[in-house]
Amino acid sequence: MSVNTVYTLKVRSLLFFVFMIVVSISIPSYAMDVSLSWNNSYGATGYKVYYETLSSAPGSPYTGTGAIQGNSPVDAKNNNQCVLSGLSYGSYRFAVTAYNTYGESDYSDEVVLSADMKTAALPFSEDFESGTLAACWEVHSTGAGRIRVSPSDDLISGKYHLTMDSPYDRTYSLNELILTIDLNGRSGVILQFQHKEYRDENHVMPASFTGSSNSDGVAISADGTTWYKIKGLTSTDGITSGGSTFQVDLDAAVAAASISYNRTFKIKFQQYDNYSIAIDGFAFDNIYID
């Protein structure tokens with residue numbers, strides 16, 4: 001999915017100058033990255049980019065968090081462009097200011113962008129052969145974490161698989177790949193996936209956790225907050241360097257967790273360790289839900 005919108009913004013100045021800003025916003029297929037650019041302003045020595053979700057509390061303008069580049073405002077310094085990457089899907093507002101030694105301008109006119117997470121439907125199949133992730137997937141990483149649709153070497157079949165690792169040695173990182181799928185009213189649902197490990201150390205996933213857990217496994221959630229392990233991915237769980245195929249009875253897992261299927265049910269595949277492939281890391285392929 002790709003959306004590009006261009007806006008012309010006029011900044012009301014505290015610096016005794018007025019300038020025009022052009023903001024271009026694009027959304028790649030599996031993560032929300034926002035690219036902003038504007039015309040240079042006479043007298044400005046730098047620019048700040050402000051952002052927040054539309055659901056943010058009124059009275060505290062542009063207090064957004066979550067971008068890899070930092071919380072709002074992000075200092076673009078003397079550049080006339082800025083990328084805010086890693087934002088969760090949703091609705092956001094953006095504004096830009098200019099500054100110099102005399103102070104900072106007022107906010108520009110506001111730009112609003114909405115991008116909703118796509119929801120997968122049954123039967124679901126993902127073999128990663130498109131070379132990219134569909135919009136029903138979210139990716140989250142901490143530290144130096146890296147999630148890529150990569151050329152396959154010896155994992156099962158096909159040209160591509162999905163890999164998780166930490167490209168900077170000795171940097172512990174968590175990688176999460178989250179599928180949102182409509183399972184409302186369904187029964188008899190089975191999850192199947194193929195998995196390969198690259199000498200990854202064991203990090204045992206707890207039976208349940210809130211938000212994130214520095215561990216290896218697959219978890220489910222009805223609300224995206226409380227998660228329940230459905231498959232550990234450690235040496236005692238049967239993972240191998242040659243690749244393994246796993247099946248999970250989701251009906252049984254949902255019953256054990258005392259939750260219910262809904263229209264935005266989530267399944268999370270994750271890996272935690274501190275080296276790159278092939279010292280550490282996971283690969284996933286051929287994910288089926290039916």
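The values are calculated or read from the model by the stated rules, or taken from the named source; none is laboratory data. Small disclaimer: the values here were computed from a predicted structure and weren't measured. Don't worry about glycine lacking a Cβ; one is built from the backbone with ideal geometry, like all the others, and counts go over all protein chains shown.
Quick check on residue 189: is it surrounded by 14 or more Cβ atoms within 10 Å (Cβ to Cβ), over 22 Å from the mean Cα position of the chain (by Cα) and either of a type in the set (A, V, I, L, M) or at negative phi (or both)? Criteria met by residue 189. Of the residues examined, residue 73 is one that is at pLDDT 90 or above and either buried (at least 18 other Cβ atoms within 10 Å of the Cβ) or aromatic (Phe, Trp, Tyr) (or both). For the structure I just gave you, tell me whether residue 258 is within 16 Å of residue 161 (Cβ to Cβ) and polar (S, T, N, Q). No: the conditions fail for residue 258. Number of residues in region 233-271 that are more than 22 Å from the chain's Cα centre (by Cα) and not hydroxyl-bearing (Ser, Thr, Tyr): the value is 18. Six or more apart or on different chains, Cβ under 8 Å: which pairs go from a residue in region 254-277 that's closer than 17 Å to residue 223 by Cβ to one that's hydroxyl-bearing (Ser, Thr, Tyr) and outside any strand (DSSP E or B)? Could you list them? Pairs found: 254/260; 254/261; 263/119; 264/119. Considering region 57-85, and only residues there that are in a loop (DSSP other than H, G, I, E, B) and touching a Lys or Arg at 6+ places or on another chain (Cβ under 8 Å), the residue that is nearest to residue 144 (Cα to Cα) turns out to be 73. Restricting to region 212-226, name every residue that is assigned to a strand (DSSP E or B) and of a type in the set (Ser, Thr, Tyr). Of everything in region 212-226, those that are assigned to a strand (DSSP E or B) and of a type in the set (Ser, Thr, Tyr) turn out to be 221, 226. Among the residues making up region 192-220, those that are surrounded by fewer than 20 Cβ atoms within 10 Å (Cβ to Cβ) and small (Gly, Ala, Ser) are 207, 208, 211, 212. Checking region 44-53 against the condition returns a match, with at least one residue being assigned to a loop (DSSP other than H, G, I, E, B) and crowded, with 19+ Cβ neighbours inside 10 Å. Output yes when any residue across region 196-206 is without any contact (Cβ under 8 Å) to a residue 60 or more places away in the chain and part of a strand (DSSP E or B), and no when none is. Yes, because at least one residue in region 196-206 is without any contact (Cβ under 8 Å) to a residue 60 or more places away in the chain and part of a strand (DSSP E or B).
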